[in-house]
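The values are calculated or read from the model by the stated rules, or taken from the named source; none is laboratory data. Just so we're clear, the structure is a prediction, and the values are computed from it rather than from any experiment. Cβ atoms come from the backbone with ideal geometry, glycine included; neighbour counts cover every protein chain shown. Ligands, DNA and RNA are excluded from the accessible area calculation, which covers all protein heavy atoms including side chains. Shrake-Rupley method; radii C 1.70, N 1.55, O 1.52, S 1.80 Å.
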Amino acid sequence: LPTNPRTDYIKRLVGLPGDRIQVREGVLSINGQVVPRVKQEDFEQEQPDGTPIAITRYRETLPNGVSYDVLDSMPEGPLDNTPVYTVPADHYFFMGDNRDSSQDSRVLEVVGYVPLENLVGRAEIVAVSFRQSLLKIWSWPASFRSNRAFTDLHH
């Protein structure tokens, strides 16, 4: 996190130095080219009270061929329409896959462009995943998502 280098963030790299990044109506564009996305089966999530909700899920494919899923929980979210961001030299642009609930490079005053020296590594695998907060220890068995445990992030 550029505003606090002691805080590690895991986000998806979508912009290299010199790239122009923009989101319009929730759709990512890199250098004026729309990043293709295909509707997938909705992502099922539980609210804190246990009520299930469905979140719209898309499969995006970057120009280099890398594909991944993104969530769109608000069709007109606060970060669904952005200005064009031009990534400065020696900096990178990152976005979260849960687009409407991600504090990422689109939030310039908190994250913004990430300098090269702030990069510490690449996420490779989801070790453990829970539907609810880890602070609620009693909920761990019921909220453990076995289908996400030990998932390779580079499929």
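Counting just the residues of segment 113-124 that are assigned to a loop (DSSP other than H, G, I, E, B) and under 14 Å from P17 (Cβ atoms), which one comes out least open to solvent (accessible area, probe 1.4 Å)?
Y113
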Item to check | Per-region count, segment 1-16, residues touching a helix residue (DSSP H, G or I) at 6+ places or on another chain (Cβ under 9 Å) and open to solvent by less than 60 Å² (accessible area, probe 1.4 Å) | outcome: 2
Checklist entry - In segment 102-122, which residues are farther than 12 Å from K11 by Cβ and among the hydroxyl-bearing types (S, T, Y)? => result Y113
Checklist entry - Can you pull out the residues in segment 21-49 that are farther than 17 Å from R106 by Cα and in contact with a Leu (Cβ under 7 Å, 6 or more places away or on another chain)? => result F43
Checklist outcome for this item: Taking segment 79-112 and keeping residues among the basic types (K, R) and either closer than 11 Å to P2 by Cβ or in a loop (DSSP other than H, G, I, E, B) (or both) leaves R106
Item to check | Residue that is modelled with the lowest pLDDT, among those in segment 111-121 that are under 18 Å from the mean Cα position of the chain (by Cα) and more than 12 Å from F94 (Cβ to Cβ) | outcome: G121
Checklist entry - Does I30 satisfy being under 20 Å from L79 (Cα atoms) and at pLDDT below 95? => result no
Item to check | Residues of segment 18-30 satisfying the condition of being of a type outside the set (D, E) and open to solvent by less than 60 Å² (accessible area, probe 1.4 Å) | outcome: G18, I21, Q22, V23, G26, V27, L28, S29, I30
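If you scan segment 82-105, which residues turn out to be open to solvent by 70 Å² or more (accessible area, probe 1.4 Å) and either more than 16 Å from N31 (Cα to Cα) or free of Cβ contacts under 8 Å to residues at least 24 places away in the same chain (or both)?
D90, S101, Q103
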